[in-house]
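For reference, the structure is listed below as structure tokens.
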């Protein structure tokens, strides 16, 4: 990706003659709206490039979370919050679990099984609910 640099002179049209002579009586050029229009377009493009750079950084962060297994759907946590005290069946990466939701934490839920065991289910391990 290259960098585009547009330099304009305050006097004249922005052509080489005007930019090297400055404010000279020899310059017969008139200010050029095309140069101003290009400068405005460059400014708009620079803003778009900056915004795209932000979006790319955010996408990279999300991709890293997905690759590391850190991304959790907010609906999973919400399900456990709404069902605290209720019996649920959840398919996880380590098997199917049935029990009563005791606590819905920040990144895991505690489930009391019918056998009396308390299981801590990380939200990222939940496959289906």
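The values are calculated or read from the model by the stated rules, or taken from the named source; none is laboratory data. Not measured: the values here are computed from a predicted model. Note that we place each Cβ from the backbone using ideal geometry, even for glycine, and neighbour counts take in every protein chain shown.
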Check: How about the stretch 100-120: which of its residues are surrounded by 18 or more Cβ atoms within 10 Å (Cβ to Cβ) and either at positive phi or touching a helix residue (DSSP H, G or I) at 6+ places or on another chain (Cβ under 8 Å) (or both)?
Finding: 101, 104, 108, 109
Item checked: Condition broken by residue 77, with the remaining ones in (1) at pLDDT 80 or above; (2) over 27 Å from the mean Cα position of the chain (by Cα) satisfied -> (2)
